[in-house]
Amino acid sequence: FQQLLPYFKAYTNYINNYQNHLTTLIQLKKTNKNFTTWIQKTQKNHPQLENIGDITDLSITPIQRIPRYVLLLKELLSCTPPDDIDREELEATIEKTR
């Protein structure tokens, strides 16, 4: 897992710009009928998108992902014996994920 941590930096830009993204998305939905129609057609034409609800709901998913990983790792740590050879690496991974 620790080898994947450098890829988490891709989330930084998304997270830092999320509020702007959300405001723009809401504004577009209110003022641009073509955009709203395109969103609806796209969801209708792609079965994997049919049940996602509103696009603004889906856009929060990346924001929630890293905290979920941290919770999972902490749970794993709580089940790891103190003398386990992987415990130290798990603790370091949790610290780097924060």
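The values are calculated or read from the model by the stated rules, or taken from the named source; none is laboratory data. Not measured: the values here are computed from a predicted model. All accessible areas refer to the heavy atoms of the entire protein, side chains included, with ligands and DNA or RNA removed. Shrake-Rupley method; radii C 1.70, N 1.55, O 1.52, S 1.80 Å.
Which length gain, in nm to one decimal place, applies between ALA10 and LEU77 when the Cα-Cα distance is subtracted from 0.36 nm times their residue separation?
On the way: separation 67, 0.36 × 67 = 24.12 nm, distance 2.57 nm.
Computed gain between ALA10 and LEU77 is 21.6 nm.
Can you give me the convex hull volume of the Cα atoms of the chain, divided per residue and expressed in Å³?
Numbers: hull volume 12.0 nm³, N = 98.
Dividing the Cα hull volume of the chain by its residue count gives 122 Å³.
Run the accessible area of the chain with a 1.4 Å probe and give the carbon-and-sulfur part as a rounded percent.
Values: 4230 of 7690 Å².
Carbon and sulfur: 55 percent of the exposed surface of the chain.
Compute the long axis of helix 61-78 from its Cα atoms, compare it with the longest principal axis of the Cα atoms of the chain, and write down the angle in degrees, 0 to 90, nearest 10.
Approximately 20 degrees, to the nearest ten.
Once you order the gyration tensor axes a ≥ b ≥ c over the Cα atoms, which shape class does region 19-76 get: rounded for a/c under 1.5, otherwise prolate or oblate by comparing a/b with b/c?
Note, shape of region 19-76 comes out oblate.
For the chain, please report how many Lys pairs fall under 20 Å Cα to Cα, leaving out neighbours fewer than 8 apart on the same chain. Working shown, then result.
Values: LYS9/LYS96; LYS29/LYS41; LYS29/LYS44; LYS30/LYS41; LYS30/LYS44; LYS33/LYS41; LYS33/LYS44; LYS74/LYS96.
Total qualifying Lys-Lys pairs in the chain comes to 8.
So, for region 35-98, what is the accessible surface per residue at a probe of 1.4 Å, expressed in square angstrom? Kindly include the intermediate steps, with their values, before the conclusion.
Working: 4800 Å² over 64 residues.
Normalised by residue count, the accessible surface of region 35-98 is 75 Å².
Which angle between 0 and 90 degrees, to the nearest 10, do you get for helix 33-45 versus the longest principal axis of the chain when only C-alpha atoms count?
60 degrees
Rounded to the nearest 500, what is the 222 nm mean residue ellipticity of the chain from helices alone, with -39500 (n - 2.57) per DSSP H run of 4+ residues and division by all residues?
-21000 deg cm²/dmol
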